[in-house]
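As structure tokens, the structure follows; a few thoughts come after it.
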Amino acid sequence: MADEQQNPNQEEQQEKINQLVTDYKTTFGTENGQRVLIDLQNRCHLFSTTNVKGDAHESAFNEGQRAAILFITQMMNRKI
């Protein structure tokens, strides 16, 4: 019985994830979205170090920015 109830919930969750992936691709897949994505990649340290020598807090802040842009990039590359 639990499996029967869990299955529809899993399907609903997967549908929500698929819709979100589609939304990311729609948002960043346009010419305007690509310009914004490139700007975010540069601002959020995707292609540079996040380490700030002697400042662990700034390094952690930079890494948080990088994690956000990595998430966006992963959503863009995800297959539906």
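The values are calculated or read from the model by the stated rules, or taken from the named source; none is laboratory data. These figures come from a predicted structure and were not determined experimentally. Cβ coordinates were reconstructed from backbone atoms using ideal geometry, including for glycine residues, and neighbour counts include every protein chain displayed. Protein only, heavy atoms only, side chains kept; ligands, DNA and RNA dropped before computing areas. Shrake-Rupley method; radii C 1.70, N 1.55, O 1.52, S 1.80 Å.
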Margin query: Pull out all pairs, ordered by first then second residue, where Cβ-Cβ is under 7 Å, the residues are six or more apart or on different chains, the first lies in segment 54-71 and is part of a helix (DSSP H, G or I) and open to solvent by less than 80 Å² (accessible area, probe 1.4 Å), and the second is among the basic types (Lys, Arg) and modelled with pLDDT of 95 or more.
Written below: none
Check: Does segment 8-20 contain any residue that is β-branched (Val, Ile, Thr) and either over 18 Å from the mean Cα position of the chain (by Cα) or open to solvent by 90 Å² or more (accessible area, probe 1.4 Å) (or both)?
Finding: no
Next item on the list: Could you tell me which residue of segment 25-46 is surrounded by the fewest Cβ atoms within 10 Å (Cβ to Cβ), considering only residues that are assigned to a helix (DSSP H, G or I) and in contact (Cβ under 8 Å) with a residue 12 or more places away in the chain?
Entry: ARG43
